[in-house]
Amino acid sequence: MLPVQIIAQKRDGCELSDDVIAAFVRGYSNGQIPDYQMAAFSMAVFLNGMTSSETVALTQAMLASGERLFWPDDGILRVDKHSTGGIGDKVSLPLVPLLASCGFEVPMVSGRGLGPTGGTLDKLESIAGFRTNLSLDEIRKIVKQTGCVITGASAELAPADHRFYALRDVTATVPSIPLITASIMSKKLAESPDALVMDVKFGSGAFMKTRDEALNLARSLVQTGQRMNVATTALLTDMSQPLGVLCGNSVEVEESLDVLQGRGPSDVRELILELAAELLVTAGVCRCNQDGKQLTAQKLDDGSAMERFEMLVAAQSGDLGTRRPFAPAAEVTSEQSGIVSAIDTQAIGWSIIAMGGGRQKLSDQIDHSVGIEMLVRVGDTVTSGQPLMRMFTRNPDRFRPELRGSITLSDHASPPVLIADRIAGESI
Ligand code: URA
């Protein structure tokens, strides 16, 4: 079938076979199918969706566009987590070494900031010397040595996604559940994991604004992982307010170090323990969620996870001993009294980007020193003049009004639930 016939079939809502999808992605990867035909195909998928079989075939085809990490048959279980991203989401930094301290190997391929959300790699690069551009050989070597790694997707892993994502970005076709699923899962499955947990966020600071949208994405991710023989579950988690207290790059490394020493904000710790327990139960290491949380809490509190993090940082050429940069602090105070009923979390994310903490265009250099410290949460009572946030920026007057405006005060509030749902095979 010619590329134009395949596009026409998808435009008319027909289901495409696995072979047709594989041939289309192969043609795109080897340059035979030009960007404009791939753009038309993605718009047809955006408008008509894909069945679960088509989504699996697209994921498989994108996975086959590159190499995979292969592991020895040594009985060690490889696991990973993916988050759809949010403001203050520094979970990967403590979670990866924590999982390694529980006996897993964790070859995490991670990303940079997307829209208003921060990226794990950008946060880690605020540690002096930390390398995130490892080759496949380096990934394998570091995982063997330390049990874990956090690196960027090298050109070898799912390269089709790299080009396809850039094309979707400029053709308004990013928010399509099958396209997001194939993009995320092709990268994660290239790690050849035994089990995956997906943290699908919803709320004002998330990619998915509503719980229903997040549920649909979570179901698609879990179904695709399972149909590709990787035990996959998902948690639906709240992003209607920043996760933890500190948001930015250097500041999130500080909060992660706190969590790794058994301290830190309770929501960050709770989410980490839940995600780790999810993997321990899925992989059959623990019998139940409670046992998983008990084991992982102990590894945070006794320093085992911190020790792994130090090994990971050293193996990736980072130096935790060099002081990380922090911009001067200034407060944002409330002009009224009331109860915090909503937080425009996305607006906080955009302010951090505008301070220089993220990229507005691909070539931008990140200023790791800027960020925000949240001093209130939904449900807190505040009085006029009380500090709402602390900004780390050299230009506080520019950001004060918009940050103040991101907090809504009313006479009542319902604090959100952090873990709203769990999606596993049986619940799809
Ligand atoms: N993150 C990804 O990696 N891909 C998408 O399509 C969306 C979010």
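Return the residues of region 119-147 that are within 18 Å of Val251 (Cβ to Cβ) and either of a type in the set (A, V, I, L, M, F, W, C) or out of contact with any strand residue (DSSP E or B) (no Cβ under 7 Å at 6 or more places or on another chain) (or both); say none if nothing qualifies. Before you say what the answer is, go through the steps one by one.
In the first step, residues of region 119-147 are kept if they are within 18 Å of Val251 (Cβ to Cβ); the result is 119-128, 130.
The answer is Gly119, Leu121, Asp122, Lys123, Leu124, Glu125, Ser126, Ile127, Ala128, Phe130.
Give region 65-79 a look and list any residue that's out of contact with any helix residue (DSSP H, G or I) (no Cβ under 6 Å at 6 or more places or on another chain) and buried (at least 17 other Cβ atoms within 10 Å of the Cβ), or say none.
In the first step, residues of region 65-79 are kept if they are out of contact with any helix residue (DSSP H, G or I) (no Cβ under 6 Å at 6 or more places or on another chain); the result is 67-78.
The answer is Leu69, Trp71, Leu77, Arg78.
Quick one: Ala160 ticks every box in (1) part of a helix (DSSP H, G or I); (2) within 17 Å of the chain's Cα centre (by Cα); (3) within 13 Å of the ligand (Cβ to nearest atom); (4) surrounded by 22 or more Cβ atoms within 10 Å (Cβ to Cβ) bar one, so which box is it?
(2)
For residues that are open to solvent by less than 20 Å² (accessible area, probe 1.4 Å) and within 19 Å of the chain's Cα centre (by Cα), scanning just region 135-153, find the one that is farthest from Ala315 (Cα to Cα).
Within region 135-153, the first condition is being open to solvent by less than 20 Å² (accessible area, probe 1.4 Å), and the residues that meet it are 136, 139, 142-143, 146-152.
Checking the rest, the ones that are also within 19 Å of the chain's Cα centre (by Cα) come to 148-152.
Working: Cys148: 10, Val149: 9, Ile150: 11, Thr151: 12, Gly152: 15 Å.
That would be Gly152.
Among the candidates Met198, Met185, single out the residue that is within 12 Å of the ligand (Cβ to nearest atom) and either within 30 Å of Glu310 (Cβ to Cβ) or surrounded by fewer than 16 Cβ atoms within 10 Å (Cβ to Cβ) (or both).
Met198
Of the residues in region 121-134, how many are open to solvent by less than 20 Å² (accessible area, probe 1.4 Å) and in contact with a Gly (Cβ under 7 Å, 6 or more places away or on another chain)? Show your work before the answer.
We begin by selecting, within region 121-134, every residue open to solvent by less than 20 Å² (accessible area, probe 1.4 Å); these are 121-124, 126-127, 130, 132, 134.
Pick out the ones that are also in contact with a Gly (Cβ under 7 Å, 6 or more places away or on another chain) and you get 121-122, 127, 130, 132.
The number of residues fulfilling the criteria is 5.
Any idea which of (1) assigned to a loop (DSSP other than H, G, I, E, B); (2) open to solvent by 30 Å² or more (accessible area, probe 1.4 Å); (3) away from the ligand (no atom under 15 Å from the Cβ); (4) over 23 Å from Asn229 (Cβ atoms) is the one Arg112 doesn't satisfy?
Unmet for Arg112, out of (1) assigned to a loop (DSSP other than H, G, I, E, B); (2) open to solvent by 30 Å² or more (accessible area, probe 1.4 Å); (3) away from the ligand (no atom under 15 Å from the Cβ); (4) over 23 Å from Asn229 (Cβ atoms): (3).
Considering Phe24, Phe41, which residue is more than 16 Å from the ligand (Cβ to nearest atom), in a helix (DSSP H, G or I), hydrophobic (A, V, I, L, M, F, W, C) and closer than 14 Å to Ala160 by Cβ?
Going through Phe24, Phe41 in turn, the sole match is Phe24.
Restricting attention to region 163-173, and to residues there that are at pLDDT below 90 and within 10 Å of the ligand (Cβ to nearest atom), which single residue is surrounded by the fewest Cβ atoms within 10 Å (Cβ to Cβ)?
Restricting to residues being at pLDDT below 90 and within 10 Å of the ligand (Cβ to nearest atom), the top hit is Asp169.
Sort out for me the helices (runs of 4 or more DSSP H) sitting completely within region 256-323 that have 3 or more residues that are outside the structural domain of Met239 (by TED's automatic domain parsing), free of Cβ contacts under 8 Å to residues at least 12 places away in the same chain and in contact with a Gly (Cβ under 9 Å, 6 or more places away or on another chain).
Numbers: elements: 266-282, 289-301, 304-315.
Counting at least 3 such residues, we get no helices (runs of 4 or more DSSP H) at all.
Could you tell me whether Phe207 is open to solvent by 10 Å² or more (accessible area, probe 1.4 Å), under 16 Å from the mean Cα position of the chain (by Cα) and more than 9 Å from the ligand (Cβ to nearest atom)?
Working: open to solvent by 10 Å² or more (accessible area, probe 1.4 Å): yes; under 16 Å from the mean Cα position of the chain (by Cα): yes; more than 9 Å from the ligand (Cβ to nearest atom): no.
The answer is no for Phe207.
Residue pairs, Cβ under 6 Å, 6 or more apart or interchain, first in region 170-186 and over 19 Å from Lys81 (Cα atoms), second open to solvent by 40 Å² or more (accessible area, probe 1.4 Å) and in a helix (DSSP H, G or I). List them.
Listed pairs, sorted by first residue: Thr173/Met43; Thr173/Phe46; Ser176/Phe46.
The values are calculated or read from the model by the stated rules, or taken from the named source; none is laboratory data. Keep in mind it's a predicted model, so treat the numbers as computed, not measured. Neighbour counts run over all protein chains shown; Cβ positions are idealised from the backbone, glycine included. To get the accessible areas, we keep the full protein, side chains included, count just its heavy atoms, and leave off ligands, DNA and RNA. Shrake-Rupley method; radii C 1.70, N 1.55, O 1.52, S 1.80 Å.
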